[in-house]
1. Under 7 Å by Cβ, and 6 or more places apart or on different chains, what pairs join a residue from the range 26-45 that is of a type in the set (Ser, Thr, Tyr) with one that is modelled with pLDDT under 95?
2. May I ask you to verify whether ALA78 is closer than 22 Å to GLU110 by Cβ, buried (at least 19 other Cβ atoms within 10 Å of the Cβ) and either outside the structural domain of PRO27 (by TED's automatic domain parsing) or at pLDDT 95 or above (or both)?
3. Pairs under 8 Å by beta carbon, first residue in contact (Cβ under 8 Å) with a residue 40 or more places away in the chain in the range 102-116, partner surrounded by 15 or more Cβ atoms within 10 Å (Cβ to Cβ) and of a type in the set (S, T, N, Q), six or more apart or different chains?
4. On the given criteria, is LEU7 at pLDDT below 95 and either of a type in the set (A, V, I, L, M) or touching a Phe, Trp or Tyr at 6+ places or on another chain (Cβ under 7 Å) (or both)?
5. Test LEU129 against the stated conditions and say whether it is outside the structural domain of THR25 (by TED's automatic domain parsing), at pLDDT below 95 and surrounded by 15 or more Cβ atoms within 10 Å (Cβ to Cβ).
6. If I filter the range 45-70 down to residues being under 14 Å from ALA31 (Cα atoms) and β-branched (Val, Ile, Thr), which single residue comes out as surrounded by the fewest Cβ atoms within 10 Å (Cβ to Cβ)?
Amino acid sequence: MKRPGYLLPLCFCAAYASGALADDTNPLCSAREEEVLHELQSAEKYGNEHRIEGLQRALSNIRAHCTDESLIADAEEAVEESREEVRDRRQDLDEALREGDPDDIAEQREELQEAEDELHSDIQQLRALQGPR
């Protein structure tokens with residue numbers, strides 16, 4: 001399951017419940033704010049109004065609600081969702097193997113690989129947020 005890149009800033013900001021501002025006490029939030037500002041500048045450069053609006057909402061949410069803990073929690077949730085997707089894709093592949101349709105097997109293998117790639121990416125993002133242990 002691929003997530004569109006333009007939704008990434010919104011995904012990181014949608015579930016923040018705390019009232020803490022993104023500042024030095026939340027360095028991950030400060031870094032996320034900088035990323036969104038950079039994306040916003042790029043969208044403004046190319047006049048992408050829809051993206052500008054979404055990024056402005058994301059920036060507002062970061063500034064109003066972001067905590068480092070919420071970023072990590074969101075990343076952990078993404079990993080769990082990706083793990084579930086991998087489990088589902090493995091079941092689909094097992095079923096295709098039982099049925100023996102070569103085209104379906106190839107399709108299910110490709111979908112499993114995509115799900116595994118996304119899981120790997122989500123795990124890397126989580127580890128980056130968690131920092132060195």
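1. SER30/ALA22; SER30/ASP23; SER30/ASP24
2. So ALA78 passes the test.
3. Filtered contacts from the range 102-116: ALA115/SER82.
4. Here the answer is yes, as LEU7 does meet what is asked.
5. Yes: the conditions hold for LEU129.
6. Among those residues, the one meeting the criterion is THR67.
The values are calculated or read from the model by the stated rules, or taken from the named source; none is laboratory data. Every value quoted in this text rests on a predicted model; they were computed, and no experiment measured them. Methodologically, a virtual Cβ is constructed for each residue, glycine included, from the backbone with ideal geometry; neighbour enumeration extends over all protein chains shown.
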